[in-house]
Amino acid sequence: MFKFFLILTILNCSLASSYAKVVDKVVAVINDEIVTLSEINRIKANYPGRTQIASLIYDEKKPTDHNILEALIKVYIIQEKLSELGINIDDESVESRIRQIEKAQGVSRDFLVQYLSSQNISFKEYFQLIKQMMEFSYFNNKIISPLVSVSDQEIVNYFQDKIKGTQTTVQYNVVNFSFKKDLLSIYNDDDVISILKKYQRTGNVPADFQGMDVAPIQFTSNQLEPKVANILKDTKTQDFSKIVVIEDRVNVFYIESRNVVNNIQFEKNKELLKQELMIQKSKETIAKWIDSEKNRFYIKYYL
């Protein structure tokens with residue numbers, strides 16, 4: 001009888017264990033850490049709240065199991081990097097940061113807990129999210145920021161992209177390459193651009209281009225005919241424009257720089273535009289950094 005109950009107990013434990021494995025499926029292994037489906041589902045259940053607290057980590061508009069898993073891998077790799085550097089964000093530092101947030105918002109701990117509950121987030125989860133954001137901020141400032149820079153020219157280009165379809169005046173500094181139209185019967189557009197690029201490097205051109213005029217010019221967009229203005233608007237800085245024929249001469253413009261002229265909106269928001277660009281470029285740099293770091297870890301996916 002004792003043996004019967006012992007066997008029955010073992011069977012029940014085995015079944016319970018198997019059932020638990022089915023319910024809590026392993027979706028990934030990162031070194032010696034296991035990520036389960038229940039963890040993914042829990043994050044998905046309170047993802048909107050997470051984006052408010054840790055938007056630099058949880059920033060997907062439509063989160064999927066895969067990108068939630070990638071966010072967890074990112075957090076793990078960043079934590080490992082900070083650990084290698086001897087950096088540890090302890091619980092006391094996190095608690096201090098939370099008190100700062102409460103003071104800045106003018107709320108009590110009870111109110112905070114109540115608000116978090118309305119977002120389906122426990123205080124324990126909130127504590128971990130604040131810790132992750134502190135780690136991410138330190139990582140970004142010390143490791144990523146030195147790799148990222150934003151030039152004034154990039155800010156101008158970014159502003160132009162944001163206000164497409166609205167009227168603004170741009171000052172261009174260009175080099176204009178101009179030559180006879182009949183050369184287009186011998187050379188196609190790609191040939192011409194290749195010749196001009198080579199000319200920039202070596203100062204040499206084929207004999208057919210010996211009569212080419214090269215002139216630095218400065219002008220504003222409102223001084224141009226629409227055809228030329230549109231071509232320059234679609235040309236990147238430090239690049240050649242498409243070919244445009246003006247009065248039987250073929251013209252190609254190399255844009256050295258451009259600046260928004262007397263635009264109050266631009267001047268007022270320049271610093272904000274720079275911050276937006278920094279965040280955008282930082283995200284791109286972090287993504288590349290994480291991809292390169294992944295090779296140092298054992299990562300196995302089961303999704």
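Just a few scattered comments:
- Order by protection proxy (mean Cβ within 10 Å, highest first), peptides 76-82, 142-148: 76-82, 142-148
- Once the chain from residue 214 to residue 66 is taken as fully extended at 0.36 nm per residue, the excess over their C-alpha distance is 47.9 nm.
- Most tightly packed first, judged by the mean number of other beta-carbon atoms within 10 Å of their residues, the peptides 169-179, 28-38 read 169-179, 28-38.
- Coupling constants for segment 61-78 follow from the phi torsions by the Karplus curve (6.51 cos²θ - 1.76 cosθ + 1.60, θ = phi - 60°), and in residue order they are 6, 10, x, 10, 4, 5, 6, 5, 4, 5, 5, 5, 5, 4, 4, 4, 5, 5 Hz; glycine and proline get x.
- Modelled spin-label separation between residue 45 and residue 238, with each label point placed 7 Å from Cα along the Cα-to-Cβ direction: 5.0 nm.
- With eigenvalues of the C-alpha gyration tensor scaled by 5 and rooted, the chain, Å: 58, 26, 17
- Hull volume in cubic angstrom per residue (convex hull over the Cα atoms of segment 169-262): 92
- Taking amide hydrogens as placed 1.01 Å from N in the peptide plane, the amide H of residue 27 sits under 5 Å from those of 35, 36, 37, each at least 5 positions away in sequence or on another chain.
- Considering only 67, 285, 168, and ranking their Cα positions along the charge dipole of the chain that arises from unit charges at the beta-carbon of Lys, Arg, Asp and Glu, the one farthest toward the positive end is 67.
- Between residue 104 and residue 229, residue separation times 0.36 nm minus the direct Cα-Cα distance comes to 40.1 nm.
- Point-charge dipole on Cβ atoms (K/R +1, D/E -1) for segment 169-262, about Cα centre, debye to 20: 260
- When peptides 40-51, 208-219 are sorted by average Cβ neighbour count within 10 Å, with the highest value leading, the order is 40-51, 208-219.
- Backbone HN-Hα couplings from phi across segment 87-97 [Karplus 6.51/-1.76/1.60, Hz, Gly and Pro as x]: 9, 9, 8, 7, 4, 5, 5, 5, 4, 5, 5
- Rounded to the nearest 20 debye, the dipole size of the chain about its Cα centre is 540 debye, using +1 on the Cβ of Lys and Arg and -1 on the Cβ of Asp and Glu.
Every read-out reported here was derived from the displayed coordinates using simple, explicitly stated rules and does not represent laboratory data. Since the structure is predicted, the reported quantities are computational estimates derived from the model, not experimental observations. Heads up, the Cβs are rebuilt from the backbone with ideal geometry, glycines too, and the neighbour counts pull from every protein chain shown.
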